[in-house]
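A short worksheet on the structure shown next.
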Amino acid sequence: MNSARLFPRVGLDVWRRPLNEMFPRFGPKTTAAYPVDRIWQMTFLVPGWPPDKPMTQGWPGWPRMYPPGYLALLAPAAVLYHFTPISFRVANRIVILWFLALAHVTVFLLFRGAMVGRDGTPPTRPFFVLTAYSIMMFWTLQGFYDAVALAPLFLAASLIERRRGHAALAAYSVSTVLHFRAFLLAPWSIWAAWLALRKRPWRCKEWATASVTIALTTSSLATFAMVWWPMSHLPRKNGIDAPWKLVVSLLLVAGCSAIFVRARAWLDLLTLVCFALMISAAGSLYPWRCQIFLPWLLAPFGGRPERATSVAVARYTAALVWSLIAFGTLLVPGFAFGFGF
């Protein structure tokens, strides 16, 4: 929220410079004159801002490592906090309620059945829906907005199933502009682009959708390029670093790949490989980030119909094992907290 307040003042420096380099930090004595809901180690004085509403932000030694969509997402709360008498504590509660309301857009897509493929629903689907709801609600109530960025991914998978490549690619680009974690599902964008390019001729509607997709993707990739260096130098927190976990991951990829090939589930195979590569290369993986697996678990099945259940089980097995050994949590209903493993 405070980054959204800061953006009109510093512009692209939100992604280029850490807060430590832009403004003086408050000290304990200075903070004594301000409300008690401040953490002085993360509070900075911005000239011209209301004296009772300074800049408070976590990880002040790093630039903001999120795409520009999150600023738009939090702009209403930022305006409300900056120009009204509400406290920082109340503003944070409003943000969580805002995330919770938007997360239910994702929930709506689940229960509306937008993810059911044309070949029917495998028996595992109700369990996956329960898992998704439990995990998303837990982490949203902790203040994380990852579930909000999943809604466009759920929609993209549904549009891919209906072979609407232009719309699917646009939905995917919306997700990337909200959260960089959407890049873990990069094969979906490639598949959607292939569907879009196959369609001839393009109508005005397709050209307009393509223009929006290019604009959103460019903004996301440009921001990612600005924060790539600091992201690559974050303190490493990746469970795959242990040799035995790497062996488990390789065996998992081999087994699931065999199932996907037998079922002719080519998009699942590409998604699996992309997950394996990016999870291994990621510098830091935290428990709430495991939500990125949920769109894959609930994505429509496009391979051989008689293999739908085995593909669904393989998806969940991969997500369950990686969530445990890499993210330090479990993708099961009612179990959404992180732990060391």
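The values are calculated or read from the model by the stated rules, or taken from the named source; none is laboratory data. The model shown is predicted, which means the values in this text are computed figures rather than measured ones. Cβ: placed from backbone, ideal geometry, glycine included. Neighbour counts: every protein chain shown.
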For helices (runs of 4 or more DSSP H) lying entirely in region 262-341, having 2 or more residues that are farther than 27 Å from VAL105 by Cβ and either among the β-branched types (Val, Ile, Thr) or under 20 Å from the mean Cα position of the chain (by Cα) (or both) picks out 266-281, 308-325
Do you know which residues across region 260-306 are over 25 Å from VAL148 (Cβ atoms), crowded, with 19+ Cβ neighbours inside 10 Å and in contact with a strand residue (DSSP E or B) (Cβ under 9 Å, 6 or more places away or on another chain)? PHE301, GLY302
Provide a single number: the residues in region 88-131 that are at pLDDT below 85, within 18 Å of ILE160 (Cβ to Cβ), assigned to a helix (DSSP H, G or I) and not aliphatic (A, V, I, L, M). 3
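Based on what the data block shows, is ALA157 surrounded by 17 or more Cβ atoms within 10 Å (Cβ to Cβ), in contact with a Phe, Trp or Tyr (Cβ under 9 Å, 6 or more places away or on another chain) and within 20 Å of ALA132 (Cα to Cα)?
Numbers: surrounded by 17 or more Cβ atoms within 10 Å (Cβ to Cβ): yes; in contact with a Phe, Trp or Tyr (Cβ under 9 Å, 6 or more places away or on another chain): yes; within 20 Å of ALA132 (Cα to Cα): yes.
So ALA157 passes the test.
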When you scan region 1-49 for helices (runs of 4 or more DSSP H) that lie fully inside it, which ones turn up with 3 or more residues that are modelled with pLDDT of 85 or more? 2-10, 13-16, 19-22
Within the set of pairs 6 or more residues apart or between chains, which connect a residue that is closer than 15 Å to ASN20 by Cα and in contact (Cβ under 8 Å) with a residue 24 or more places away in the chain inside region 41-55 to a residue that is surrounded by fewer than 18 Cβ atoms within 10 Å (Cβ to Cβ) and not hydroxyl-bearing (Ser, Thr, Tyr) with Cβ atoms less than 6 Å apart? PHE44/ARG25; PRO54/LEU45
Answer yes or no: is there a residue in region 182-204 that is modelled with pLDDT of 90 or more and closer than 23 Å to VAL14 by Cβ. yes
From SER175, SER134, which residue is surrounded by fewer than 22 Cβ atoms within 10 Å (Cβ to Cβ), at pLDDT 85 or above, within 30 Å of TRP266 (Cα to Cα) and in the same structural domain as ARG289 (by TED's automatic domain parsing)? SER134
Of everything in region 205-235, what is over 24 Å from ALA299 (Cβ atoms), modelled with pLDDT under 90 and surrounded by 17 or more Cβ atoms within 10 Å (Cβ to Cβ)? Give them in sequence order. PRO230
